[in-house]
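The next block holds one structure in the form of structure tokens; read it before the comments.
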Amino acid sequence: MSNPISYAFKKAKSEKRPALLTYTVAGDRSKKQSLEILKSISEEVDILEIGVPHNTPVADGSQIQTSSYRAIKNGIKVNDIFKIVKDFKKFDKYKPVILMGYYNMIFQYGENEFLRKCKISGVNGLIVVDLPWPENKKFASKCKKKSIFFIQLLSPTTTQNRLKKIIKDSHEMIYFISMLSTTGGKLKVSSKEILSNYDKIKKINSKKNVVIGFGITEKTIKSLKKADGLVVGSAICREITNSIKKGQNPVTNVYNVVNRLKNKIK
């Protein structure tokens, strides 16, 4: 059976829209609520990205850091994350799940054991922020053998020569970081410039699904709907934080945000 991530992109394309990817931190605000949020938004979302909380995140902006600290404070462990994924897959076995985290966690767990647990729990893809190409080639190959997509990262400063090599080695999905910033920063470059960089990537290999992440909000998402997929993370983490501060239900409020995002790209 092919990876459900491929099917998610095909479905979005058949509906003439980009795939919507959401990012939430596993265990925020609690393991139970984290799972409830995933269940509530799964119908609106094409692919779910689940962040592994890290106490020294290099790419995460303040909103995601706040979510991570809440989850760590509540004692979230890697095995808890696998359980959240497994429990979610019992609810919706076809919805693709991507885990996003840092290599130290995989190294400590042991690459082979980590991938075995990914397979058992239903993880379909991995983004490892601090394991760049070509250092990731060996691990990406292990992922492929397990039918798990290893998702390569590209940025606006990736040279043309390096772009070609990474794209050639990449699996079916690639993550393009829209700007040089941590997540959740204001979009510092125009949508036109982001799409120009996106087009350069697509020209190298139009068959690869390229998603754009960083700086995507309800205000900016519509202007980037030409992309194969769009990732929204900090806006969702911010909503969870705001809901907690106001004593409201994050599950309902996050669903409303995701619903509005989806309507903007239909």
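So that you can scan it fast, the table gives a plain yes or no per residue for (1) in contact with a strand residue (DSSP E or B) (Cβ under 7 Å, 6 or more places away or on another chain); (2) surrounded by 15 or more Cβ atoms within 10 Å (Cβ to Cβ); (3) under 13 Å from Pro18 (Cβ atoms):
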{"position": "His171", "(1), (2), (3)": "yes, yes, no"}
{"position": "Glu193", "(1), (2), (3)": "no, no, no"}
{"position": "Glu218", "(1), (2), (3)": "no, no, no"}
{"position": "Cys237", "(1), (2), (3)": "yes, yes, no"}
{"position": "Ile244", "(1), (2), (3)": "no, yes, no"}
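Does Lys89 fit the bill of being at pLDDT 95 or above, among the basic types (Lys, Arg), open to solvent by less than 50 Å² (accessible area, probe 1.4 Å) and part of a helix (DSSP H, G or I)?
Numbers: at pLDDT 95 or above: yes; among the basic types (Lys, Arg): yes; open to solvent by less than 50 Å² (accessible area, probe 1.4 Å): yes; part of a helix (DSSP H, G or I): yes.
The answer is yes for Lys89.
Looking at segment 222-235 only, could you name the residues that are farther than 19 Å from Ile174 by Cβ and surrounded by 18 or more Cβ atoms within 10 Å (Cβ to Cβ)? Spell out the reasoning first.
Step one: filter segment 222-235 for residues farther than 19 Å from Ile174 by Cβ, giving 222-223, 234-235.
Once the filter is applied, which keeps residues that are farther than 19 Å from Ile174 by Cβ and surrounded by 18 or more Cβ atoms within 10 Å (Cβ to Cβ), segment 222-235 yields Ser234, Ala235.
I'm trying to understand the selection: among the residues of segment 92-130, which are among the β-branched types (Val, Ile, Thr), assigned to a loop (DSSP other than H, G, I, E, B) and in contact with a strand residue (DSSP E or B) (Cβ under 6 Å, 6 or more places away or on another chain)? Break it down stepwise before answering.
Step one: of segment 92-130, the residues among the β-branched types (Val, Ile, Thr) are 97-98, 106, 120, 123, 127-129.
Going one step further and asking which of them are assigned to a loop (DSSP other than H, G, I, E, B), we end up with 123, 129.
Correct list: Val123 only.
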Q. Got a number for residues in segment 10-42 being surrounded by fewer than 22 Cβ atoms within 10 Å (Cβ to Cβ) and out of contact with any Phe, Trp or Tyr (no Cβ under 9 Å at 6 or more places or on another chain)?
A. 14
Q | Restricting segment 82-111 to residues that are among the β-branched types (Val, Ile, Thr) and under 24 Å from Tyr7 (Cβ atoms), the residue that is farthest from the chain's Cα centre (by Cα) | A | Ile84
Q: Write out, first by first residue and then by second, each pair whose Cβ atoms fall under 7 Å of each other, whose residues are 6+ apart or on separate chains, and whose first residue, in segment 1-15, is touching a residue at least 60 places away in the same chain (Cβ under 8 Å) while the second is acidic (Asp, Glu).
A: Ile5/Glu172; Ser6/Glu172; Ala8/Asp46; Phe9/Asp228; Ala12/Asp46
Q: Would you mind stating whether Lys200 is assigned to a helix (DSSP H, G or I), in contact (Cβ under 8 Å) with a residue 40 or more places away in the chain and of a type in the set (Lys, Arg)?
A: yes
Q: Give just the number: which of (1) over 20 Å from the mean Cα position of the chain (by Cα); (2) closer than 24 Å to Lys200 by Cα; (3) open to solvent by less than 40 Å² (accessible area, probe 1.4 Å); (4) of a type outside the set (D, E, K, R) does Asn161 not satisfy?
A: (3)
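The values are calculated or read from the model by the stated rules, or taken from the named source; none is laboratory data. If you're wondering where the values come from, they're calculated on a predicted model, not measured in any experiment. Backbone-built Cβ (ideal geometry, glycine too); neighbour counts: all protein chains shown. The protein model used for the area step is the full one, side chains on, heavy atoms only, and it has no ligands, DNA or RNA in it. Shrake-Rupley method; radii C 1.70, N 1.55, O 1.52, S 1.80 Å.
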